[in-house]
Amino acid sequence: MATEILMPALSPTMEEGTLAKWLVKEGDTVSSGDIMAEIETDKATMEFEAVDEGIVGKILIEEGTEGVKVNTPIAILLEEGEDATAMDKASEQPASAPVPADKEQSSETAPAAGMAHPAPEVDTTPDWPEGTTLKQQTVREALRDGMSEEMRRDDSVFLMGEEVAEYQGAYKISQGMLDEFGAKRVIDTPITEHGFAGIATGAAFGGLRPIVEFMTFNFAMQAIDHIINSAAKTLYMSGGQMGAPMVFRGPNGAAARVGAQHSQDYAAWYMQVPGLKVAMPYSASDYKGLMKTAIRDPNPVIFLENEILYGRSFDVPDVEDYTVPFGKARIWREGDDVTIVSFGIGMTYALEAAEKLAEEGINAEVIDLRTLRPMDTPAIIKSVMKTNRLVTVEEGWPQGSVGSYISSVVMQEAFDYLDAPVICCTGKDVPMPYAANLEKHALVTTAEVIEAVKKVTYK
Amino acid sequence: MAAKKPSAKTTPSNVSADELMAYYRDMLLIRRFEEKAGQLYGMGLIGGFCHLYIGQEAVVVGLEASAKEGDKRITSYRDHGHMLACGMDPKGVMAELTGREGGYSKGKGGSMHMFSKEKHFYGGHGIVAAQVPLGAGLAFSDKYKGNDNVTFTYFGDGAANQGQVYEAYNMAEIWDLPCIFVIENNQYAMGTSTKRSTHSPSYWERGAAYGIQGEEVDGMDVLAVKAAGDKAVAHCRAGKGPYILEIKTYRYRGHSMSDPAKYRTREEVQKMRDERDPIEAIRSLLLTGKHATEEDLKAIDKEIKGIVNESAEFAKESPEPHLDELWTDIYAELEA
């Protein structure tokens, strides 16, 4: 059967081109791979090869013709033994063209913007029932307990990172774990973040549940391609066939006096990525409960810890299997005058400010988000509907901050409830300085949170 | 564990006529499939980037002949040949190229991002060399589980200059991971020839710095590839750690569909096609050895043409994904 040869698309953006030169003439026999013509695209002059065998029956577009649209018939190819009469039939057959998208289809999952917001449903059940026995534990101990309990429960969970095994953890988070679980499951890596993040992601594809410790998240910038391009996107790119059930964890943000390259808060970076879940706990019970949830989660989880919090003690429920769900904020303090939203180490400023403000008769409601993706925005909206004022607190930089996202959500979903503009208290827009006085000033301060609250409450 | 000198030519193992026929058929399927993909690209049915495997067919067909059920494979964005060679359905691959519901990733991955859990094919990766530590990680998972599976980790001469390759080599060797690092050296990283990109062009020898054994293989000779594959697989299955195969090959087409390939002469390409074509080599071996007649081979050609045309028809007729698919497969649900 005679076939039409169509003007080819030779780049992702090409819509038309110039048929610069024919390298065959009517009557020539061609076979697959032979160069038939030169075509100028918007980028380059390309050679165009024959795909089928046959005889060039007719050239439909003269060489030198400009602006030939993609898919226009440019020649007719005859099969061996066919004559010119077959050509008429060929030109009657419509050329294949892409099937257009069905415009009737609609997606109902897009959120309706700008609507008056009904009071959202918020899960306010307490983390543990009244009467639960509590014990005092540091964040460090709680984290280790969380990981160890899950490793006892599931053989496919293992811990990998720099100095996690024989050194017992650069920050002593994994102390004793090598003794309990052995070198097969508590694995020292060379200093090679890009490489071991990739190996761990591959191991997760292969059915294991890795916990990757970054000595600090600053070093994870060397591995961020695997975290995002390999771990976060594979489930989607594979149409749901395979993903990366794993945890990337380690201290994040400023410690003390370690300078610009060791003091960055990555909360806003990772929070932006679909396919990742992001936890940034404050208290020891949340470190434990969220770590256990993170290890069981079938998705890649970024677990942002804080070195300064490692040594702090909190109440932790003394129960057998304590977990905290993702996407559920915790209200640390109820109040009617203003809502303060924070997470991670930011909570220390939020709670300290609330205490001082209470002495002045201003009652702040303090919300700990605990996870940033999923984020419990209904809890924020519900609180703002009560207090009509919102201040966010974080140590990270201001532009594109977690607070600026929260502010935009509140503006879209509870604009009519706001009695003052939202204020985002953040770290300063500078690399972290080394000098003690400058460092203190570069971070967010309790005084700034108090000042912001007074501003939004017009006190 | 010192690396050895490259063997002059790996002796082809004894292969039966049936095996020869199977290699011919599998290589021809890739060649014809890729030609059809190029055609559909020209018609605007395939979009974006599309990297064809034409010329390199002997690499995957030879190595797949050394694999057993349970072995894993992972590669770069030039991945269509790997998928066909490991037994994935040409219809599902072609429909992914056209971005349709019937594609392996439901149209959400495209040419560079395809996977098959069933066939242990772990992609299809668009970031040059990212698949190398990922492949080492797949091998890690098998070693951890204590089975004897191996992982074929394919990458090109371009990827071989990325730092993460050597991070992966280092850990693969200290942990004895059953990973075969397959360098498909087609001499050009997009438009940059190996001569311009490195002064140590014998890529497999770089493994010696990490204590990894390896060798160079003629990638236009499917029997040489198969023999080298058998050796590498035996090494890995025996628990001796990783192995490097640098397979010298050649791509006939441009880097991607929009590459005019001005960095090499037409004569250079034509010479390879005329003198070293892997499919023609097996074809003449079959005929001269009287393992097959012209008619037998014609029948295979016809069968392949049918399969490829069927895949193209399927890829055109399969509907575009429903818009609701935009919002699925972002997160896996916790199994109850």
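Please treat every number below as a calculation from the coordinates, not as lab data. Source: prediction; values computed, not measured. FYI the Cβ positions are ideal-geometry reconstructions off the backbone, even for glycines, and counts take in every protein chain you see.
Scoring A:21-33, A:253-265 by mean Cβ neighbours within 10 Å over their residues and listing the highest first yields A:253-265, A:21-33.
For segment A:330-456, the Cβ-based charge dipole about the Cα centre amounts to some 240 debye (Lys, Arg positive; Asp, Glu negative; other atoms uncharged). When each of the peptides A:375-386, B:252-263 is scored by the mean number of other C-beta atoms lying within 10 Å of its residues, the order from highest to lowest reads A:375-386, B:252-263.
Peptide B:249-255 is shielded by partner chain Cβ atoms: per residue, an average of 1 of them sit within 10 Å of its Cβ.
Output the pairs from A:LYS233/A:LYS328; A:LYS277/B:LYS145; B:LYS262/B:LYS302 with a Cα-Cα distance over 32 Å in this structure; if there are none, say none. Violating the 32 Å Cα-Cα cut-off are B:LYS262/B:LYS302. In chain B, with Lys and Arg counted as +1 and Asp and Glu as -1 at Cβ, which of these residues, B:VAL15, B:HIS80, B:LEU45, has the Cα nearest the positive end of the dipole, that is, farthest along it? In chain B, that residue is B:VAL15. Where only DSSP H runs of four or more residues are counted, chain A gives -7500 deg cm²/dmol as its mean residue ellipticity at 222 nm, each run worth -39500 (n - 2.57).
Against chain A, whose longest principal axis comes from its Cα atoms, helix A:446-456 is set at around 80 degrees.
With both residues required to sit in chain A, DSSP beta bridges show an antiparallel share near 50%.
Neighbouring Cβ atoms from other chains, within 10 Å of the Cβ of residues in B:314-320, number 2 on average. Of the residues B:VAL165, B:VAL132, B:VAL150, the one that moves most in a GNM of chain B with alpha-carbon contacts below 10 Å is B:VAL165. A simple charge model with +1 on the Cβ of Lys and Arg, -1 on the Cβ of Asp and Glu and nothing else charged puts the dipole of segment A:134-317 at about 340 debye relative to its Cα centre. Each peptide in A:291-299, A:65-73 receives the mean, over its residues, of other Cβ atoms within 10 Å, and ordering these scores from highest gives A:291-299, A:65-73.
Considering only A:VAL30, A:VAL70, A:GLY57, and ranking their Cα positions along the charge dipole of segment A:3-92 that arises from unit charges at the beta-carbon of Lys, Arg, Asp and Glu, the one farthest toward the positive end is A:VAL70. Pairs with C-alpha atoms separated by more than 23 Å, drawn from the list A:LYS382/A:LYS454; B:LYS106/B:LYS305; A:LYS25/A:LYS69; B:LYS72/B:LYS316; A:LYS21/A:LYS43; A:LYS69/B:LYS271, are B:LYS106/B:LYS305; B:LYS72/B:LYS316; A:LYS69/B:LYS271.
Projected label points at B:THR192 and A:THR72, each 7 Å from Cα along the beta carbon direction, are separated by 3.9 nanometres. Averaged over the residues of B:231-237, the number of partner chain Cβ atoms lying within 10 Å of the residue Cβ comes to 0. Over segment A:134-317, the pair-distance histogram of Cα-Cα distances with 10 Å bins from zero comes to 10, 40, 39, 10, 1 percent, rounded to whole numbers.
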